[in-house]
Amino acid sequence: MEYYILNYTKSAIGESGESCKSNYTFENACEVCGTGAKLVGKLRTRGLAKVKKDFFSTLDDDFIISKKMYEELKDKLQLGNLKTVVDSKSNDLPFYHLNTDLHFPAGIKKDGLVIYEQCLACKRNGYFNKTIVGNSKMNIPTQVFPIGLYYPIIENKFLNSSDFFFTWESMGLSNRIAQGNNVIRYARPLLIISERFKTALVSYKIKGLDFEPIIIASDATHLV
Ligand SMILES: [Zn+2]
């Protein structure tokens, strides 16, 4: 089975998570920066009341699917125990939070990512897309390099347990404690989906989905 990093390239919609007072536990998170904080209960959101999309990302990099899509796919794919998202008054919304505890190991080679102000305690956050900034006056668009992640052998038992996963690497910076201009923020991982999930998403003809294949070693000779 092939696996892909799924990027949502359209504008993000609504807020979610820390900024909406969602609850997190730090059991497996970095003590210094909070990367790896795990959501407890439902994802609290703002600004989703009028959204009609089947798949999108919030401004806080949480992935959301519509209730309709969830109901259509839940028996065809292994999506785990997804929870609905709620508004600021804890009312259920017709959306599910694409969230899992299943993380891939750290990639052994990472193309298209740069590291900036990474937490030295966990070295898990601080990943950013590699870009060449364009020039709007000269009509040169900003170029974002494709992400290429290479993995060691991963057990089939793990891969077969779900149709989506998160990366170990987390995008952007984290702040466990608000200080000055730095608000509380836990860097989010990238989303990895199976070929099955990709096929299903493609059938919905959703705009702004970009699938970048990842490479998983099938035997030890591929490790170097
Ligand atoms: Zn850290």
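If you roll a 1.4 Å probe over the heavy atoms of the protein chains, what accessible area per residue do you get for segment 133-224, in Å²? Mind dumping the intermediate values first?
Working: 5430 Å² over 92 residues.
Value returned for segment 133-224: 59 Å² of accessible area per residue.
Could you work out the relative contact order of the chain, using alpha carbon pairs under 8 angstrom and six or more residues apart, expressed as a whole percent? Intermediate results must be reported in sequence, preceding the final value.
Values: 464 pairs, mean separation 60.3, N = 224.
It comes to 27 percent, rounded to a whole number.
In debye to the nearest 20, how big a dipole does segment 1-49 give about its Cα centre with +1 on each Lys and Arg Cβ and -1 on each Asp and Glu Cβ?
Numbers: 6 positive and 5 negative charges, 63 e Å.
That gives segment 1-49 a dipole magnitude of about 300 debye.
Work the Kirkwood hydrodynamic radius out for segment 1-114: mean of 1/r over every pair of different alpha-carbon atoms, inverted, in Å. All intermediate terms of the calculation are to be shown ahead of the outcome.
Numbers: mean 1/r = 0.0645 Å⁻¹.
Radius from the Kirkwood sum: 15.5 Å.
Which one, SER194, ILE214, ALA37, is farthest towards the positive end of the dipole of the chain when Lys and Arg carry +1 and Asp and Glu -1 on their Cβ?
About the Cα centre, the residue reaching furthest to the positive side is ALA37.
Given q = 0.12, 0.18 Å⁻¹, what are the Debye log10 I(q)/I(0) values for the chain, with equal point scatterers placed on the Cα positions and solvent ignored?
Summing over Cα pairs of the chain leads to -0.69, -1.54.
Name the aspartates and glutamates eligible as straight-distance cross-link partners of LYS76: C-alpha to C-alpha under 16 Å, and not fewer than 8 places from it in the same chain.
The qualifying aspartates and glutamates are ASP163, GLU195.
Give the separation of the Cα centroids, segment 143-162 to segment 25-76, in Å.
Using only Cα atoms to place each centre, the spacing works out to 20 Å.
Could you tell me which residue out of ASN23, GLY148, MET138 lies farthest along the dipole of the chain toward its positive end? Charges go on the beta carbon: Lys and Arg +1, Asp and Glu -1, centred on the Cα centre.
So the residue we want is MET138.
Taking the Cα centre of the chain as origin, sum charge times position over the Cβ atoms of Lys and Arg (+1) and Asp and Glu (-1), and report the length of that vector in debye to the nearest 20.
700
In square nanometres, what is the average projected area of the Cα convex hull of segment 123-211?
On the way: hull surface 37.3 nm².
Directional mean of the projected Cα hull area for segment 123-211 stands at 9.3 nm².
State which entries of LYS42/LYS83; LYS110/LYS130; LYS21/LYS89; LYS38/LYS130; LYS52/LYS198; LYS42/LYS89 exceed 18 angstrom in Cα-Cα distance in the structure shown. List each step's numbers first, then the result.
Values: LYS42/LYS83 6 Å; LYS110/LYS130 11 Å; LYS21/LYS89 11 Å; LYS38/LYS130 27 Å; LYS52/LYS198 21 Å; LYS42/LYS89 12 Å.
Pairs exceeding 18 Å: LYS38/LYS130; LYS52/LYS198.
The values are calculated or read from the model by the stated rules, or taken from the named source; none is laboratory data. In this text, all values refer to a predicted model and were calculated from it rather than measured experimentally. As a convention, Cβ positions derive from the backbone with ideal geometry for all residues, glycine included, and neighbour counts pool all protein chains shown. Side chains included, ligands, DNA and RNA excluded: accessible areas come from the protein's heavy atoms. Shrake-Rupley method; radii C 1.70, N 1.55, O 1.52, S 1.80 Å.
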